[in-house]
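Colleague: What follows is a single structure, and I will ask about it in a moment.
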Amino acid sequence: MSTAPTFASLNLHPSILKAVEEAGYTNPTPIQAQAIPAVMEGRDILASAQTGTGKTAGFTLPALNLLATPHESKSRGPRILVLVPTRELAAQVNESARKYGKQLRARTVSIVGGMPYPLQNKLLSQPLDILVATPGRFIDHMERGRIDLSRLQMLVLDEADRMLDMGFMPDVERICEALPADRQTLLFSATLEGNIARVARDILKDPVKIQIAAQKEKHENIEQRIHHVDDMNHKNKLLEHLLIEPDVNQAIIFTSTKRHADLLADDLYAAGHRTAALHGDMTQGARNRTLTKLRQGNVQVLVATDVAARGIDVKGISHVINYDLPKFAEDYVHRIGRTGRAGSKGIAISFAANMDRHILRKIEQYTGQKIEATVIEGFEPKRPINMNAPDDKRGKGRGRRGNSSGHKSGNGRGYQSRNDNRGDRGNSGEKGRSFGNRAASDRNDSERNGNRAQNNRNMMSKEALVAEMTATIEALVLTGQKNHATLTTSQEATNREATKLTATKHSSQLAK
Ligand code: AMP
């Protein structure tokens, strides 16, 4: 992070400086050094900054500075509104605002989807200074007249590119129309290209443009690796090998579907890792509990989908593993940004099969970095990726890609629950023994494996159906083309199918 200037030179209120000192920050990061003075001058901001750059404090600190001067109006509504794409990011921003605004006694509230309305109604009826919200739930309350917007002075759009991807922009634009026209607006986004530029033109007034780090300089503290893989079985073997490496402190593994996140989490848990899943089908309470366990170090391996993992800021995450590559290059950058937090070192590992060449090329173009393939002895791919080959059409489309990885997720589950060494990963001897036993067991178990393979083949069509439906739903949600009624019905059908499938699996395992 940058050396000059100092926080003291930024003219922040003394109580904010104290909070910064308590947080242990010595110097502002580049985004903070550029954004804080411009925001304090009252300018609109258009900033491209990745998560991990300190962007949250970049807007929270000057926003709090605004609160240091009391508002002349006697009304009770928020003076600052921060719109974010996900609940997790809302929790993170809320926590930062509370941390830095403690001395100022700033009243901060977070209003997100999936939480009960009565509690939110109560929170909104009290005087507040900062409101952090997801756009959909904010609109719900706004339209019911529950939010007094008369003294709103600042709007922050955090991870605006993500809100765009998730189809929130029409909501954001409606919110903007309802806010006082003389407000200040700050827009933060991983990219400033494409539709974000149009949104920025519509929403911002003569903004100061801040661009942090050219694409290729991003994530310098994160070592990126690619492993070419042949199939799901190969992925599982590699994963098993990587997770027992001594340098793994905590890891986030990304899968392309929620269903697969659950399955993989179950398998890794059964294999002796302290594992949990995190995805959008979980209740907010369950997601919060999982994140707390991750922060406390009680969860070592988190298996997550993109939507849920946005905004996770846990210093102990030493590894990010892309079990499935993301559908969009931007998501790759967000995913790997879960490691290497606050200047620490991180490792980002991606599994890529031949059909992933298209997205791999996109990622390299987007990041401006070539990611060299790494081969581990004993785990060599039989079919390394030929990057010069033309794109495999199956790998290109979102649905197809989700479909094919989902399909394989059912077919090649390599982890079996052979010991009851649950949650005992802290003991390194134990963890080596666990995998060693499983490997030996695998060798002696070829007949049983044959049966399992047959079983898997019988179940493939159901798995493929479930995976296809799940992938389609996730793709719809991501692109914002969601029709709530259809989605709910499809999701319910998927869940029913998944439950049937799990029951079939369990009974077939019990029968052995
Ligand atoms: P963010 O990009 O806002 O998600 O922040 C990434 C991480 O950087 C968080 O863990 C912050 O606590 C940390 N951070 C923010 N500002 C600073 C700073 N000036 N010096 C050191 N760490 C910081």
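Colleague: Just checking: which of the helices (runs of 4 or more DSSP H) contained wholly in the stretch 253-342 hold 1 or more residues that are within 16 Å of the ligand (Cβ to nearest atom)?
Modeller: Where helices (runs of 4 or more DSSP H) fall fully within the stretch 253-342 and carry at least 1 residues being within 16 Å of the ligand (Cβ to nearest atom), they are 284-296, 306-309, 329-336.
Colleague: So Ala38 ticks every box in (1) near the ligand (Cβ under 10 Å from one of its atoms); (2) within 27 Å of Ala181 (Cα to Cα); (3) not polar (S, T, N, Q) but one. Which box is left unticked?
Modeller: (1)
Colleague: Right, something else. Between Ile336, Ile317, Ile347, Ile312, which is surrounded by 21 or more Cβ atoms within 10 Å (Cβ to Cβ), within 16 Å of Ala90 (Cβ to Cβ), in contact with a strand residue (DSSP E or B) (Cβ under 9 Å, 6 or more places away or on another chain) and not aromatic (Phe, Trp, Tyr)?
Modeller: Numbers: Ile336 fails: within 16 Å of Ala90 (Cβ to Cβ); Ile317 fails: within 16 Å of Ala90 (Cβ to Cβ); Ile347 fails: within 16 Å of Ala90 (Cβ to Cβ).
None of the other options fit; the residue is Ile312.
Colleague: Please go through the stretch 326-347 and give me each residue that is closer than 20 Å to Leu291 by Cβ, of a type outside the set (Lys, Arg) and more than 13 Å from the chain's Cα centre (by Cα), ordered by number.
Modeller: Gly340, Ala342, Ser344, Gly346
Colleague: Got a sec? Which strands (runs of 3 or more DSSP E) wholly within the stretch 133-250 have at least 1 residues that are among the hydroxyl-bearing types (Ser, Thr, Tyr)?
Modeller: 184-189
Colleague: Identify, by number, the condition in (1) within 21 Å of the chain's Cα centre (by Cα); (2) more than 24 Å from Ala342 (Cα to Cα) that Val156 doesn't meet.
Modeller: (2)
Colleague: Based on this model, can you work out whether Thr26 counts as within 17 Å of Glu159 (Cα to Cα) and within 13 Å of the ligand (Cβ to nearest atom)?
Modeller: Numbers: within 17 Å of Glu159 (Cα to Cα): no; within 13 Å of the ligand (Cβ to nearest atom): yes.
Taking the combined requirement at face value, the residue does not satisfy it.
Colleague: Moving to a separate point now. For Val229, all conditions in the list (1) at pLDDT below 95; (2) more than 30 Å from Ala286 (Cα to Cα); (3) buried (at least 22 other Cβ atoms within 10 Å of the Cβ) hold save one; what is the number of the exception?
Modeller: The number of the failed condition is (1).
Colleague: For the stretch 53-83, give me the residue count where each residue is within 16 Å of the ligand (Cβ to nearest atom), in contact (Cβ under 8 Å) with a residue 60 or more places away in the chain, surrounded by fewer than 24 Cβ atoms within 10 Å (Cβ to Cβ) and under 13 Å from Gln153 (Cβ atoms).
Modeller: 0
Colleague: Checking the conditions here, which among Val199, Val208 is modelled with pLDDT of 95 or more and crowded, with 16+ Cβ neighbours inside 10 Å?
Modeller: The match here is Val208.
Colleague: While we're looking at this one, here's another question. Take the stretch 1-21 and flag every residue that is within 13 Å of the ligand (Cβ to nearest atom), touching a residue at least 60 places away in the same chain (Cβ under 8 Å) and surrounded by fewer than 18 Cβ atoms within 10 Å (Cβ to Cβ).
Modeller: Met1
Colleague: I've got another one for you. In the stretch 120-137, what residues are out of contact with any strand residue (DSSP E or B) (no Cβ under 6 Å at 6 or more places or on another chain) and surrounded by 16 or more Cβ atoms within 10 Å (Cβ to Cβ)?
Modeller: Our first condition is that a residue be out of contact with any strand residue (DSSP E or B) (no Cβ under 6 Å at 6 or more places or on another chain); within the stretch 120-137, this holds for 121-122, 124-127, 129, 134, 136.
Passing the criteria: Leu124, Asp129, Thr134.
Colleague: In this structure, does Thr86 turn out to be within 9 Å of the ligand (Cβ to nearest atom) and at pLDDT below 95? Talk me through it step by step, then tell me what you get.
Modeller: Values: within 9 Å of the ligand (Cβ to nearest atom): no; at pLDDT below 95: yes.
Against the criterion (within 9 Å of the ligand (Cβ to nearest atom) and at pLDDT below 95), Thr86 does not qualify.
Colleague: Looking at the stretch 182-195, which of its residues are at pLDDT 90 or above and either in contact with a Leu (Cβ under 9 Å, 6 or more places away or on another chain) or buried (at least 18 other Cβ atoms within 10 Å of the Cβ) (or both)?
Modeller: Arg183, Gln184, Thr185, Leu186, Leu187, Phe188, Ser189
The values are calculated or read from the model by the stated rules, or taken from the named source; none is laboratory data. Here the structure is a predicted model, which is why all the values come from computation and not from measurement. Positions of Cβ are generated from backbone atoms using ideal geometry, with glycine treated the same way; all protein chains shown enter the neighbour counts.
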